Amino acid sequence: MRTTRSEPELALIVGAARSGTTLLRSLLDAHPEIGCPAEAGLPALIGHARRVWATVCASDDPTPADPLGIGSPDAAQVVVPLPEDAEREIRRSATAMMTYYCQRDRKRIYCDKSLDTGPYLPAVFHSFPNAKCIIIVRHVMDTIASGLEATPWGFNAFGYTPFVHASPDNTVMALARYWEMHVSTALKWQESHPVACHCIRYEDLVADPPSALSTLFEFLDVENDMSVLVRGFTKHNPLSGPGDYKLAFTRAINSESVGRGKQVPVTMIPPSLLARLNELLESLAYPSLTASWNAEPKPFKFAADSTRRELEHIMSFMRDGDWRFDVESIAILADDDLDLRWVVEPGTSTVSRGDGEVDVVITGTAEDLVQLMSGAENLGVLMRSGRIRCVYADTDQPRFDLPGMMASLVACFRAPSARGTPDDAEGVQSHA
């Protein structure tokens, strides 16, 4: 390990809320060379200090360089030249806090993790030109799903408020715009400062932590110490400041949350915003959001063996029903297990395992499909929450009584507790 300097180096974690910023902060703070506290707001402090100094200095200058920039909405982006004494004082004040945190454990890098860092990047790099920027991103739909889950009683956290106020009748659009603003700001900064920036995807971090961290540690020029994967959870203090409320109850990295955004209806995002999101997703090597996105499988398999068996048992038998809908075939598929896929033809009461040409796709996790097909949970609740999604194979297909069709379909299947085994029940066997 290197000898600690009197003045720590500065690194920044930049990312939208619910993108893994707190997870990354905890892992970095566990590294013997890096100190990364909770959301202290150092970038905003530097930005505000520059604004105060610029205002004070401008009061003595009859012809300030940018008299309107100081009070503009984009004031944080305006780096007004200041006297050397002012520049020195801003850096000294920020460095004092960085040193205080790092000195206790003899760490040489201070890493700031604040959700509002993006707009203050010009100010921070003006005072600390050798700073390094760690950009962490996550698929927009997963961040929306996580944001909705984390704010059940109101959107007064994470910086969501102004976006929700702008579109109170569509919180999906509000959180999508929030993601777009944060990610586009970070990527623009990376484009103009490529050497000073390193981008890491949340999905890559949770899928292969050693690989993702090794590359990050190389960027930060620190030891490749994988003990952080254990110490990052045992060292975390949930009372140390703002951050992800889940981390206090987490003991290891897992990828279970990847793909949860499948339950968020992509139709809630206006076309113009969707186009901008897709541009950013493409630049980050994420799949685009299309009309069929909600029916596409998740990237990882999560279905438990017991759930798999229960769903397979339910789908192994279909009884005769009175089918009155102009729908010949329906695909039922688990988005968390590619092997759990069926094509149902209600008119002939047949079920075939696998894929095929269909009119409608019904999808959800294996667990939620069990709840649906067994009738264990209210159909309206499952669909309203997005846990069960219904997607038309042909977007031009005439719409029909969707709730009625779903209810009729579910009625064709019997709950396991009521039907016994397929051989004991009257009805039509499915095709394997």
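The values are calculated or read from the model by the stated rules, or taken from the named source; none is laboratory data. All values reported here derive from a predicted model rather than from experimental measurement. Because the Cβ atoms are built from the backbone with ideal geometry, glycine has one as well, and the counts that use them run over all protein chains shown.
Restricting attention to region 158-180 and to residues that are in contact (Cβ under 8 Å) with a residue 40 or more places away in the chain and hydrophobic (A, V, I, L, M, F, W, C), the residue that is nearest to Ile136 (Cα to Cα) turns out to be Trp179.
Scan region 217-230 and give yes if some residue there is under 20 Å from the mean Cα position of the chain (by Cα) and more than 24 Å from Tyr120 (Cβ to Cβ), otherwise no. Checking region 217-230: not a single residue is under 20 Å from the mean Cα position of the chain (by Cα) and more than 24 Å from Tyr120 (Cβ to Cβ).
A single member of Leu68, Leu28 is buried (at least 23 other Cβ atoms within 10 Å of the Cβ) and either closer than 20 Å to Phe217 by Cα or at pLDDT below 90 (or both), and it is Leu28. From the list Ser316, Ser272, the one residue that fits, being closer than 30 Å to His182 by Cβ and either out of contact with any helix residue (DSSP H, G or I) (no Cβ under 8 Å at 6 or more places or on another chain) or assigned by TED's automatic domain parsing to the domain that holds Val360 (or both), is Ser272.
Going by the conditions given, is Glu279 more than 17 Å from Ser184 (Cα to Cα), out of contact with any His (no Cβ under 9 Å at 6 or more places or on another chain) and at pLDDT 80 or above? No. Across region 121-135, the qualifying residues are those that are hydrophobic (A, V, I, L, M, F, W, C) and in a helix (DSSP H, G or I), and the one among them that is farthest from Cys36 (Cα to Cα) is Ala123. Restricting attention to region 49-61 and to residues that are farther than 11 Å from Ala94 by Cβ and assigned to a helix (DSSP H, G or I), the residue that is modelled with the lowest pLDDT turns out to be Ala58.
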